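S.K.: Here it is, the structure, as structure tokens.
The values are calculated or read from the model by the stated rules, or taken from the named source; none is laboratory data. Bear in mind the structure is a predicted one, so any value in this text is a computation, not a measurement. FYI the Cβ positions are ideal-geometry reconstructions off the backbone, even for glycines, and counts take in every protein chain you see. With ligands, DNA and RNA removed, areas are computed over all heavy atoms of the protein, side chains included. Shrake-Rupley method; radii C 1.70, N 1.55, O 1.52, S 1.80 Å.
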Amino acid sequence: MQREVMEYDVVIVGGGPAGLATAIHLKTLAQQREQELSVCLLEKGSEIGAHILSGAVLETRALDELIPDWKERGAPLHTPVSQDQVYFLTSHNSAIKIPGPLVPASMHNQGNYIVSLGNVCRWLAEQAEALEVEIYPGFAAAQALFDDNGRVKGVATGDMGRAVTGEEKDSFEPGMELHGRYTVFAEGSRGHLGRQLIDKYELDQGRDPQHYGLGIKELWEVDADNFRPGLVVHGSGWPLSKQASGGFFLYHLAPNQVVVGLIIDLNYANPYLSPFDEFQRLKHHPLIAQTLAGGRRLAYGARSITKGGLNSLPKMSMPGALLVGCDAGTLNFAKIKGTHTAMKSGMVAAQTLITALPASRGAGGEQAAANLSAFDDNFRACWAYDDIYRSRNFGAALHRFGMYLGAAFNLADQSIFAGRLPFTLHDRHPDHTCLKAAADCEPIDYPKPDGKLSFDKLSSVFISNTNHEEDQPCHLTLKNETIPIATNLERYAAPEQRYCPAGVYEIVTEDDAPALRINAQNCVHCKTCDIKDPTQNIVWVPPEGGGGPNYPGM
């Protein structure tokens, strides 16, 4: 197949905070040096911000460095945090407020802002375009490209206009090849190409397995009497205290809007657990219901969270390319924040690239690869590395010691020792291996949604504005088509029906036998199936560019 080829100095894959920070800082440094530099950025969503989902409380340290006059430029940071509250839910109708001195210092949010991260990314894209970064939304990077020496030379976008059978339709257009002297992968959590590159170059050798959570979030418009501008509420406990680890959040975002969400660690054991239904139960707790009562749900979304932290952080450089942000796993799990560290990793990438680029002109692949190897040392020398270093024990403590002892350990580790204890805890069990057989677990009886506080999956997917061209190859691929029934159904009671928060997977009867139906058009690109499938049989690949959710204000 003949593909159009476009040449750039730097190709960036992903229009989230890390990718945009890379682009902006790279072009800013080039301007300061009076250096001509061509930079393009690919985004699989229909627009920048369409697929961005985060809580989100933003620590501005990286933004202050990237664009010091962001306030004057009208950045959409309008709601400073006014108050922090942390609760432990002891049952379905009771809660204990944790006194301030017992809250780990890493969870304090003074000076931070409650934001729509999607809107922040839309604004960052405007800043990038003003610097002449070429941004191409609606183009999914489907394949990494390599030269004869095994060096990354760019990416190819996916074909458009293939039928579900793979055949070319009348509207068929082949993907393009975008070649760069260097390529930066900033795809976010469980990046499709990022995980391939980690395997190809063995970037995770000697590291702990990566760990993930699933974050489910809703945006609500609430009564004015229930609204407290800038209030940040975090908590844990019910309904997860016995079934899984995780925590909830409730942020008051002006005007009269709140975001509510639940994060569930994907190392849970009971295959009957449904993260979506746990979230619906959570909203009926009086602590949450008193804010949402009488309100109106505006949007819904779900996304995986890369939370292994320092212990799971792979080598971030490879021949011809870099991994940044959540594609590598730079989130600070103790703070429940990753935007500031993702942006800083992108800025360090830009600083490394601006030095490497002049040397790479006319140089062979070996010299170019040597130039990029400095990135890992540069990142270790920056404040973002220290930030995630201090939280390195947080997740492992919860996984190894359980909720109560883990919380006590983390309080001492974060508040007394500032994350600098002279030892490191490890969790070397991949999340997908933690699922137990259904025969060893109790089914969970979830209440029916009431249509006021709790809802079903299909109505939730509807307000995520998810859309895919139906007549295209399924982007939720199976390595072995017999495993969903022979293994997942027989041994684990088909957990994909429950861990997917969008109703993509269902067991149906065909020819008097059970079969797996994949409703790919419902997929919100959370990547949970790619992570939690117990046999790692499901592989998420990009659908046609522009498909997926379109989150407004999330």
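S.K.: If R₀ is 51 angstrom, what is the calculated FRET efficiency for the pair Ile96 and Gln196, using the beta carbon separation as r and rounding to 0.05?
M.R.: 0.65
S.K.: Still on this structure, I have one more. Positive end of the dipole of the chain, charges at C-beta (+1 Lys, Arg; -1 Asp, Glu), about the Cα centre: which of Ala439, Leu372, Leu145 has its Cα farthest in that direction?
M.R.: The listed residue farthest towards the positive side: Ala439.
S.K.: May I pose another question? Can you give the relative contact order of segment 1-114 as a percent, counting alpha carbon pairs under 8 Å and 6+ residues apart? Can you show the working numbers first?
M.R.: Working: 100 pairs, mean separation 27.3, N = 114.
So the answer I get is 24 percent.
S.K.: Follow-up question, since we're still on this one. Listed highest first by mean packing, meaning other Cβ atoms within 10 Å per residue, what order do 46-57, 8-19 come in?
M.R.: Highest to lowest by the protection proxy: 8-19, 46-57.
S.K.: Might you tell me the accessible area per residue for segment 1-140, computed with a 1.4 Å probe and given in Å²? Intermediate results must be reported in sequence, preceding the final value.
M.R.: Details: 6090 Å² over 140 residues.
I get 44 Å² per residue for this part.
S.K.: Give me the percent of the accessible area of segment 248-354 that comes from carbon and sulfur atoms, probe 1.4 Å, all protein chains in place.
M.R.: On segment 248-354, the fraction of accessible area on carbon and sulfur atoms equals 55 percent.
S.K.: Hey, another quick one. List the equivalent ellipsoid semi-axes of segment 183-234 in whole Å, largest first, each obtained as the square root of 5λ for an eigenvalue λ of the Cα gyration tensor. Don't skip to the answer; put the middle values down first.
M.R.: On the way: eigenvalues 312, 35, 18 Å².
For segment 183-234, the semi-axes come out at 39, 13, 9 Å.
S.K.: Moving to a separate point now. Regarding segment 40-192, what's the average projected area of the Cα-atom convex hull, expressed in nm²? Let's see the in-between values first.
M.R.: Details: hull surface 61.8 nm².
That works out to 15.4 nm², a quarter of the Cα hull's surface.
S.K.: Calculate the dipole size of segment 445-554 relative to its Cα centre from +1 charges on Lys and Arg beta carbons and -1 charges on Asp and Glu beta carbons; express the result in debye to the nearest 20.
M.R.: Using only the charged Cβ atoms, the result is roughly 520 debye.
S.K.: Also, I was wondering about something else. So what is the diffusion coefficient of segment 119-206 in µm² per second by Stokes-Einstein at 10 °C and 1.306 mPa s, using a Kirkwood Rh over Cα pairs?
M.R.: 103
S.K.: Summing Lys, Arg as +1 and Asp, Glu as -1, what charge do residues with Cβ under 13 Å from the Cβ of Gly261 carry, Gly261 excluded?
M.R.: +2
S.K.: Given the rule -39500 (n - 2.57) for each run of at least 4 DSSP H residues, summed and divided by the residues of the chain, what is its mean residue ellipticity at 222 nm, to the nearest 500 deg cm²/dmol?
M.R.: Mean residue ellipticity at 222 nm (helix-derived): -7500 deg cm²/dmol.
S.K.: Let me check I've understood the local charge: for Ile518, count other residues with C-beta under 10 angstrom from its C-beta, Lys and Arg +1, Asp and Glu -1. What total comes out?
M.R.: Summing Lys/Arg as +1 and Asp/Glu as -1 gives -1.
S.K.: Size of the chain along its principal axes in angstrom, Cα-based, largest extent first?
M.R.: 67, 62, 46
S.K.: Now, a different point. Compute the Rg to Rh ratio over segment 429-515 from the alpha carbon atoms, using the Kirkwood formula for Rh, and round to two decimal places.
M.R.: Result: Rg/Rh = 0.99.
S.K.: Sticking with this one: Using a 1.4 Å probe, what is the accessible area per residue for segment 199-241, in Å²?
M.R.: Result: 40 Å² per residue.
S.K.: For Lys242, list the lysines whose Cα falls under 16 Å from its own Cα; do not include residues on the same chain fewer than 8 positions away.
M.R.: Straight-distance partners of Lys242: Lys436.
S.K.: Now, a different point. Starting from the coordinates of the alpha-carbon atoms of segment 365-502, obtain the Kirkwood hydrodynamic radius over all distinct pairs and give the value in Å to one decimal.
M.R.: Result for segment 365-502, one decimal place: 20.6 Å.
S.K.: Please report, largest first and rounded to whole Å, the three semi-axes of the ellipsoid equivalent to segment 397-470, where each semi-axis is the square root of five times an eigenvalue of the C-alpha gyration tensor.
M.R.: Semi-axes, largest first: 37, 20, 17 Å.
S.K.: Then there's this: Taking the alpha-carbon centroid of each part, what is the distance from segment 320-342 to segment 168-205 in angstrom?
M.R.: Spelled out, the Cα-based centre of one part sits 18 Å from the other.
S.K.: Taking the Cα centre as origin and putting +1 on Lys and Arg beta-carbons and -1 on Asp and Glu beta-carbons, what dipole magnitude results for the chain, to the nearest 20 debye?
M.R.: So the dipole magnitude of the chain works out to roughly 1940 debye.
S.K.: Continuing with this model, one more query. Projecting each Cα onto the charge dipole of the chain (Lys/Arg +1, Asp/Glu -1 at the beta carbon, about the Cα centre), which of Leu453, Gly553, Leu53 comes out farthest on the positive side?
M.R.: Going by the Cα projections, it comes out as Leu453.
S.K.: About its Cα centre, how strong a charge dipole does segment 177-253 have in debye, to the nearest 20, once Lys and Arg get +1 and Asp and Glu get -1 at the Cβ?
M.R.: Using only the charged Cβ atoms, the result is roughly 220 debye.
S.K.: If you add up the charges near Asn119, with Lys and Arg at +1 and Asp and Glu at -1, over every other residue whose beta carbon is less than 13 angstrom from its beta carbon, what do you get?
M.R.: With Lys, Arg at +1 and Asp, Glu at -1, the net is -1.
S.K.: Something else about it: Have a look at Val348, Trp238, Ala21 and report the one farthest towards the positive end of the charge dipole of the chain, computed about the Cα centre with Cβ charges (Lys/Arg +1, Asp/Glu -1).
M.R.: Trp238
S.K.: For labels at Glu168 and Met6 in the simple 7 Å Cα→Cβ model, what's the distance in nm?
M.R.: Reported label-point gap for Glu168 and Met6 is 2.1 nm.
S.K.: Ignoring ligands, DNA and RNA, what percent of the 1.4 Å accessible area of segment 478-544 is carbon and sulfur?
M.R.: 42
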